[in-house]
Amino acid sequence: MRKEEYMIYCQNGVLLILLGMMYLLVSSYMYFYGTNTQMHEYVTYLVALIAFYSIGTAIYGMVKYKRNTDPLIKGIKITNFANALTSMVLTQVVLLDTFSQNYDSHINGCTGLGVSLIILLLGLYMILGIKKTMKLEEKDHRTCLKSNRADFFILS
């Protein structure tokens, strides 16, 4: 059962890397061509509200379950954090496009590029970290089996 959870965690890391690469492309487009989103102010406030809710729930989940070592819970925490980061960029784009007349449109692209790099690093962290955990757990399992055999022979 545990090995299956590790594989799901690893697949989640691969998907985060794919998300980071796609977000890198979108951010590069924003950097070179800029953004021009014209929304009503109420929609802008709604986007900001949803983004701050997303950030709040990601922080709450990371704090509440920080000592939980279950790979599925760790994967959910990291994915929610990546979601919160992308929400921050979306909020920045919408707020600047709605309320600012003259700003350098490269700001949105640079922020998006930074977030996409963080998402890529999170995906790599998940993949490399779970491989290391699997090796350590396999080593501990072998050591436990050897000690149980030795106890059996000593007790006999």
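Can you find, within the range 57-109, the residue that is surrounded by the fewest Cβ atoms within 10 Å (Cβ to Cβ) among those that are in contact with a Leu (Cβ under 9 Å, 6 or more places away or on another chain) and of a type in the set (Ser, Thr, Tyr)?
The extreme case among them is TYR103.
Looking at the range 22-42 only, could you name the residues that are surrounded by 13 or more Cβ atoms within 10 Å (Cβ to Cβ) and in a helix (DSSP H, G or I)? Steps first, answer last, please.
Within the range 22-42, the first condition is being surrounded by 13 or more Cβ atoms within 10 Å (Cβ to Cβ), and the residues that meet it are 23-24, 26-31, 34-35, 37, 39.
Correct list: TYR23, LEU24, VAL26, SER27, SER28, TYR29, MET30, TYR31.
Quick one: in the range 1-60, which of the residues that are of a type in the set (Phe, Trp, Tyr) and within 13 Å of VAL115 (Cβ to Cβ) is modelled with the highest pLDDT?
Here the residue is TYR23.
For the range 63-92, how many residues are in a loop (DSSP other than H, G, I, E, B) and free of Cβ contacts under 8 Å to residues at least 60 places away in the same chain?
Initial filter on the range 63-92 (in a loop (DSSP other than H, G, I, E, B)): 65-70.
Of the ones still in play, those that are also free of Cβ contacts under 8 Å to residues at least 60 places away in the same chain are 65-69.
Here the count works out to 5.
Can you give me the number of residues within the range 93-143 that are within 15 Å of SER27 (Cα to Cα), part of a helix (DSSP H, G or I) and touching a Gly at 6+ places or on another chain (Cβ under 9 Å)?
Residues meeting the conditions: 10.
Can you say whether LEU16 is without any contact (Cβ under 8 Å) to a residue 12 or more places away in the chain, surrounded by 13 or more Cβ atoms within 10 Å (Cβ to Cβ) and of a type in the set (A, V, I, L, M, F, W, C), as far as the supplied structure shows? Let's see the steps before the verdict.
Numbers: without any contact (Cβ under 8 Å) to a residue 12 or more places away in the chain: no; surrounded by 13 or more Cβ atoms within 10 Å (Cβ to Cβ): yes; of a type in the set (A, V, I, L, M, F, W, C): yes.
Spelling it out, it is not the case that LEU16 is without any contact (Cβ under 8 Å) to a residue 12 or more places away in the chain, surrounded by 13 or more Cβ atoms within 10 Å (Cβ to Cβ) and of a type in the set (A, V, I, L, M, F, W, C).
Go over the candidates TYR9, TYR60, TYR42 one by one and state the one that is in contact (Cβ under 8 Å) with a residue 60 or more places away in the chain and either of a type outside the set (S, T, N, Q) or out of contact with any Asp or Glu (no Cβ under 8 Å at 6 or more places or on another chain) (or both).
On the way: TYR60 fails: in contact (Cβ under 8 Å) with a residue 60 or more places away in the chain; TYR42 fails: in contact (Cβ under 8 Å) with a residue 60 or more places away in the chain.
The conditions single out TYR9.
The values are calculated or read from the model by the stated rules, or taken from the named source; none is laboratory data. Quick caveat, the model's predicted, so the values are computed rather than measured. For neighbour counting, all protein chains shown are included, and Cβ atoms are generated from backbone atoms with ideal geometry for every residue, glycine included.
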